[in-house]
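First the structure, in the form of structure tokens, and then the observations on it.
The values are calculated or read from the model by the stated rules, or taken from the named source; none is laboratory data. What you see is a predicted model; the values in this text were computed from it and never measured. Note that we place each Cβ from the backbone using ideal geometry, even for glycine, and neighbour counts take in every protein chain shown. Side chains are part of the model used for accessible areas, which takes the heavy atoms of the whole protein and leaves out ligands, DNA and RNA. Shrake-Rupley method; radii C 1.70, N 1.55, O 1.52, S 1.80 Å.
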Amino acid sequence: MRIPATSAVVAVGLSLAGLTASAQTIQINQQNKTIAISTSDEATATADIAAITIGFEIYKPDYESATAEAGKTSHAVMEALHKAGIDDKSIESKTQSISRNTTFDEKENASQRAQRLFHAEQSWEITTSPQHAGAVIRLAIAAGANESGQIDWRLADRKALQAQAAANALVKSRAVASQMADGLHVKLGALIYASNETPNAKIYFRRSTETVTVSSAMAVEVPIGPPLEIRPQTIREEATVYAVFSIE
């Protein structure tokens, strides 16, 4: 387990003290005795949004048939998602293209290559609840989405997790300052200053800052058989705080 780094500065006699109103910085004076701590900690939560990549890829011998097949598949996937209760606010286009194919397998003969002269692809990002992720993937694949399943795990209330990480770091800073005060045979006083030293948001798995709508209703039955067993991942936020405590 990784232990977040902690650093401390002890000032006795000449010390870091009060916060100025204009510059928002700690000034040095000879009136106060303080302990300054810089420490990091984290907070974790289970993702409550699944952002799923749904898409298809097809090959055809000519542009017209590639266009027709892509349009047919595109409409079929959208219809399946809408019937499943996924609204348009939860569907965002990612990629779409129809072009001449320039990549062939070396083992393909001329006849096989002739059937793959044009390439069409399209993909979307679907946001839903984690418990419905498997069903959404299954429905989309049944409708023709043969390039589907990647999930970007997200958290709806990121700010709350960030605040919790900062709070944890502040609690840790007081514990470290208290130990230092005991070692100096002084009494730790009140917190007189605290700030986010580096307000970085460290997310493991992928990051998202936008507002999303989560569809929770699945209005139709999925194809026969159980969907994929999918479990939401853990999201972590790390915060570093700088805290100054008085010494009594």
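Which is touching a residue at least 12 places away in the same chain (Cβ under 8 Å) and in a helix (DSSP H, G or I), of Gly189, Gly134, Gly144? Testing whether each residue is touching a residue at least 12 places away in the same chain (Cβ under 8 Å) and in a helix (DSSP H, G or I) leaves just Gly134.
Only a single item in (1) open to solvent by 20 Å² or more (accessible area, probe 1.4 Å); (2) farther than 28 Å from Ala45 by Cα is not met by Ala120, and it is number (1).
Can you tell me which residues in segment 50-94 are open to solvent by less than 60 Å² (accessible area, probe 1.4 Å), closer than 19 Å to Asp152 by Cβ and part of a helix (DSSP H, G or I)? Val77, Leu81, Ser90 - these are the residues of segment 50-94 that are open to solvent by less than 60 Å² (accessible area, probe 1.4 Å), closer than 19 Å to Asp152 by Cβ and part of a helix (DSSP H, G or I). Any residue in segment 20-40 that is modelled with pLDDT of 90 or more, within 25 Å of the chain's Cα centre (by Cα) and not in a helix (DSSP H, G or I)? Yes; the residues of segment 20-40 include at least one that is modelled with pLDDT of 90 or more, within 25 Å of the chain's Cα centre (by Cα) and not in a helix (DSSP H, G or I).
Of everything in segment 220-236 that is in a loop (DSSP other than H, G, I, E, B) and open to solvent by less than 60 Å² (accessible area, probe 1.4 Å), the residue that is modelled with the lowest pLDDT is Val220. Scanning segment 160-184 for residues being acidic (Asp, Glu) and within 30 Å of the chain's Cα centre (by Cα) gives a total of 0. Per the conditions (1) of a type in the set (Asp, Glu); (2) farther than 30 Å from Ala163 by Cβ; (3) in contact (Cβ under 8 Å) with a residue 40 or more places away in the chain, the sole criterion not satisfied by Asp41 is (2).
The residues of segment 95-117 that are under 23 Å from Ser74 (Cβ atoms), of a type outside the set (A, V, I, L, M, F, W, C) and open to solvent by less than 80 Å² (accessible area, probe 1.4 Å), listed by number, are Thr95, Ser97, Ser99, Asn101, Arg116.
Scanning segment 154-193 for residues that are among the polar types (S, T, N, Q) and closer than 30 Å to Gln233 by Cβ yields a count of 4.
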